[in-house]
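The values are calculated or read from the model by the stated rules, or taken from the named source; none is laboratory data. This one's a predicted model, so the numbers in the text were calculated from it and none came from an experiment. Every residue, glycine as well, gets a Cβ built from its backbone with ideal geometry; the counts of neighbours run over all protein chains shown.
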């Protein structure tokens with residue numbers, strides 16, 4: 001169905017519009033190419049026009065005009081997601097939210113900021129006092145490995161957790177997100193304030209159930225973090241056991257603990273000094289005061305430290321292990337071996353090591369030719385217990401074999417959130433949109449103009 005974007009542009013000539021075909025194609029893509037299935041399904045899907053509102057007033061003008069004309073809108077943060085959430089299925093207007101990047105306020109251990117702010121900038125601000133006062137520093141509780149460029153709204157709309165989740169759990173854990181301001185897609189839009197669980201109804205729905213203007217987050221006291229690479233010569237078991245022991249240790253503050261089975265560490269270019277061939281590795285970000293105890297723990301499990309850096313300095317030099325964790329590890333691997341893709345898994349608390357070993361033994365191996373290569377992240381679950389999650393790297397030989405591997409994981413009691421679906425309900429939600437998300441959609445997008453087609457059970461307009 002054609003959309004009258006020219007009349008929309010004529011009605012709002014002062015907005016910052018983009019019409020060039022190459023630029024529109026670029027803005028309409030994210031890292032969904034991690035999935036060969038999504039890459040094929042989303043091929044050629046592109047916005048008719050793009051716009052970058054400079055402030056909330058411009059966004060409200062845009063949304064009102066689109067509602068009156070029944071023109072679809074697709075929201076874009078920094079396009080670091082992996083699901084095609086910024087790829088319009090029905091064309092229309094792509095809305096670059098990067099212009100809405102203001103810190104609204106910081107009050108002690110909480111901050112409120114606009115959705116388009118980059119997470120690295122938000123963390124920099126709260127570490128020094130967002131108001132520039134030099135007040136005692138805080139930091140984000142959780143952020144993705146793409147924190148340099150990822151936006152706050154993008155993390156909320158498509159993320160799960162990441163760095164920091166070892167202590168504070170995923171984004172949706174109670175107390176992490178305090179509130180949100182959302183803009184309904186109606187002819188005369190007015191912001192709606194959502195608190196607590198009501199705000200979380202918009203989480204991980206890819207911007208299809210409402211436009212998030214601002215988010216209010218709880219913060220963590222800032223720490224001086226040290227990054228360590230600990231390697232193990234032999235089986236993956238020692239690395240796994242050390243990672244689990246470190247993750248569980250209550251007196252050792254940590255920001256991230258990841259275990260990479262060889263050859264995954266070897267995919268990281270220019271880090272040969274830290275990753276000797278044939279060695280499994282644990283990437284640990286720990287409090288400076290905890291470093292001696294962490295080194296002692298590593299020795300007890302037969303590990304040795306091959307790399308140490310102060311985290312803030314490592315980030316400044318673009319040499320941080322944080323950008324080898326989570327799906328950054330997948331990116332490194334796909335650069336080295338384009339024939340791979342990935343899965344998203346979580347293991348059962350109390351059985352997580354048993355399950356990791358079971359899937360690694362059944363599907364994995366230590367050769368670059370192995371079908372599945374293991375990458376484990378330790379976190380706290382929504383309810384608090386320590387668990388392992390995984391982003392295993394899979395040799396892609398076809399959709400049928402990929403489903404067989406997923407079924408094999410599930411038969412061992414492992415939850416797989418399949419990242420190869422283009423619909424919100426599939427993957428994380430297991431095929432059904434939660435009732436709270438359905439209610440939010442009806443309230444905030446009654447005309448179904450937010451990237452129509454991404455909600456499998458929602459009727460398309462017209």
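Just name the residue that is surrounded by the most Cβ atoms within 10 Å (Cβ to Cβ) out of those in region 3-31 that are outside any helix (DSSP H, G or I) and in contact with a strand residue (DSSP E or B) (Cβ under 7 Å, 6 or more places away or on another chain).
The qualifying residue surrounded by the most Cβ atoms within 10 Å (Cβ to Cβ) is 28.
For region 70-88, does any single residue satisfy the condition of being over 29 Å from residue 417 (Cα atoms) and at pLDDT 95 or above? Give the derivation first.
Here is the first cut: in region 70-88, the ones over 29 Å from residue 417 (Cα atoms) are 70-71.
Going one step further and asking which of them are at pLDDT 95 or above, we end up with 70-71.
Within region 70-88 (the criterion being over 29 Å from residue 417 (Cα atoms) and at pLDDT 95 or above), the answer is yes, since at least one residue qualifies.
Could you check region 442-454 and list, in sequence order, the residues that are in contact with a strand residue (DSSP E or B) (Cβ under 8 Å, 6 or more places away or on another chain) and surrounded by fewer than 24 Cβ atoms within 10 Å (Cβ to Cβ)?
Across region 442-454, the qualifying residues are 443, 444, 449.
Okay, residues lined up against (1) in contact with a helix residue (DSSP H, G or I) (Cβ under 8 Å, 6 or more places away or on another chain); (2) farther than 21 Å from residue 225 by Cβ; (3) not assigned by TED's automatic domain parsing to the domain that holds residue 182:
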site: 84; (1), (2), (3): yes, yes, yes
site: 92; (1), (2), (3): yes, yes, yes
site: 103; (1), (2), (3): yes, yes, no
site: 109; (1), (2), (3): no, no, no
site: 112; (1), (2), (3): no, yes, no
site: 115; (1), (2), (3): yes, yes, no
site: 121; (1), (2), (3): no, no, no
site: 124; (1), (2), (3): no, no, no
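Give the residue that is farthest from residue 147 (Cα to Cα), with candidates limited to residues of region 56-91 that are assigned to a loop (DSSP other than H, G, I, E, B) and over 25 Å from the mean Cα position of the chain (by Cα).
Taking region 56-91 and keeping what is assigned to a loop (DSSP other than H, G, I, E, B), we get 70-72, 77-91.
Adding the requirement that they be over 25 Å from the mean Cα position of the chain (by Cα) leaves 70-71.
On the way: 70: 34, 71: 32 Å.
Result: 70.
With respect to residue 269, is the statement that it is under 28 Å from residue 341 (Cβ atoms) and buried (at least 24 other Cβ atoms within 10 Å of the Cβ) true?
No.
Could you check region 52-78 and list, in sequence order, the residues that are crowded, with 21+ Cβ neighbours inside 10 Å and either out of contact with any strand residue (DSSP E or B) (no Cβ under 9 Å at 6 or more places or on another chain) or under 29 Å from residue 426 (Cα atoms) (or both)?
63, 66, 71, 72, 73, 74, 75, 76, 77, 78, listed by residue number.
Determine whether residue 275 is crowded, with 21+ Cβ neighbours inside 10 Å, in contact with a strand residue (DSSP E or B) (Cβ under 7 Å, 6 or more places away or on another chain) and in a loop (DSSP other than H, G, I, E, B). Don't jump to the end; show me each part of the working.
On the way: crowded, with 21+ Cβ neighbours inside 10 Å: yes; in contact with a strand residue (DSSP E or B) (Cβ under 7 Å, 6 or more places away or on another chain): yes; in a loop (DSSP other than H, G, I, E, B): yes.
Yes, satisfied.
Taking the criterion of being in contact (Cβ under 8 Å) with a residue 24 or more places away in the chain, surrounded by fewer than 24 Cβ atoms within 10 Å (Cβ to Cβ) and in a strand (DSSP E or B), would at least one residue in region 245-253 satisfy it?
Checked region 245-253: no residue is in contact (Cβ under 8 Å) with a residue 24 or more places away in the chain, surrounded by fewer than 24 Cβ atoms within 10 Å (Cβ to Cβ) and in a strand (DSSP E or B).
Take the conditions surrounded by fewer than 22 Cβ atoms within 10 Å (Cβ to Cβ) and touching a strand residue (DSSP E or B) at 6+ places or on another chain (Cβ under 9 Å) and apply them to residue 290. Does it pass?
yes
Identify, from the list 196, 243, 169, 251, the residue that is modelled with pLDDT of 95 or more and at positive phi.
Just one listed residue meets the conditions, 169.
Tally the residues that are in contact with a strand residue (DSSP E or B) (Cβ under 6 Å, 6 or more places away or on another chain) and either under 15 Å from residue 170 (Cβ atoms) or in a loop (DSSP other than H, G, I, E, B) (or both), restricting the search to region 136-148.
Number satisfying all stated conditions: 2.
So, residue 433, is that one in contact (Cβ under 8 Å) with a residue 24 or more places away in the chain, in the same structural domain as residue 244 (by TED's automatic domain parsing), within 30 Å of residue 91 (Cα to Cα) and surrounded by 20 or more Cβ atoms within 10 Å (Cβ to Cβ) or not? I'd like the intermediate steps shown before the answer.
Values: in contact (Cβ under 8 Å) with a residue 24 or more places away in the chain: yes; in the same structural domain as residue 244 (by TED's automatic domain parsing): no; within 30 Å of residue 91 (Cα to Cα): yes; surrounded by 20 or more Cβ atoms within 10 Å (Cβ to Cβ): yes.
It is false that residue 433 is in contact (Cβ under 8 Å) with a residue 24 or more places away in the chain, in the same structural domain as residue 244 (by TED's automatic domain parsing), within 30 Å of residue 91 (Cα to Cα) and surrounded by 20 or more Cβ atoms within 10 Å (Cβ to Cβ).
Considering only residues that are in a strand (DSSP E or B) and touching a helix residue (DSSP H, G or I) at 6+ places or on another chain (Cβ under 8 Å), which ones fall in region 327-363?
Once the filter is applied, which keeps residues that are in a strand (DSSP E or B) and touching a helix residue (DSSP H, G or I) at 6+ places or on another chain (Cβ under 8 Å), region 327-363 yields 340, 341, 342, 345.
If residue 408 passes every condition in (1) surrounded by 17 or more Cβ atoms within 10 Å (Cβ to Cβ); (2) in the same structural domain as residue 336 (by TED's automatic domain parsing) but one, which one does it miss?
Only one criterion in (1) surrounded by 17 or more Cβ atoms within 10 Å (Cβ to Cβ); (2) in the same structural domain as residue 336 (by TED's automatic domain parsing) is unmet by residue 408, namely (1).
For region 337-357, how many residues are crowded, with 16+ Cβ neighbours inside 10 Å and over 18 Å from the mean Cα position of the chain (by Cα)?
Number of matching residues: 8.
Please pick out the residue among 182, 220 that is assigned to a strand (DSSP E or B), buried (at least 23 other Cβ atoms within 10 Å of the Cβ) and either in contact with a helix residue (DSSP H, G or I) (Cβ under 8 Å, 6 or more places away or on another chain) or not assigned by TED's automatic domain parsing to the domain that holds residue 168 (or both).
182
Considering only region 33-55, state which residues are outside any loop (DSSP other than H, G, I, E, B) and without any contact (Cβ under 8 Å) to a residue 60 or more places away in the chain. Show your work before the answer.
Going residue by residue through region 33-55, those that are outside any loop (DSSP other than H, G, I, E, B) are 33-34, 36-41, 49-51.
Matches in region 33-55: 33, 39, 40, 49, 50, 51.
Does residue 155 count as part of a helix (DSSP H, G or I) and surrounded by 24 or more Cβ atoms within 10 Å (Cβ to Cβ)? Lay out the reasoning, then the answer.
Values: part of a helix (DSSP H, G or I): yes; surrounded by 24 or more Cβ atoms within 10 Å (Cβ to Cβ): yes.
Answer is yes for this residue.
Could you please find all residues in region 305-326 being in a loop (DSSP other than H, G, I, E, B) and closer than 13 Å to residue 375 by Cβ? Break it down into steps so the answer makes sense when it comes.
From region 305-326, those in a loop (DSSP other than H, G, I, E, B) are 317-320, 325; that's our starting set.
Within region 305-326, 325 is the sole residue that qualifies.
Return the residue satisfying two criteria in turn: it lies in region 285-304 and is in a strand (DSSP E or B) and under 15 Å from residue 258 (Cβ atoms), and of such residues it is farthest from the chain's Cα centre (by Cα).
Of region 285-304, the ones in a strand (DSSP E or B) are 285-287, 304.
Subset that is under 15 Å from residue 258 (Cβ atoms): 285-286.
Details: 285: 19, 286: 21 Å.
Filtering first and then ranking leaves 286.
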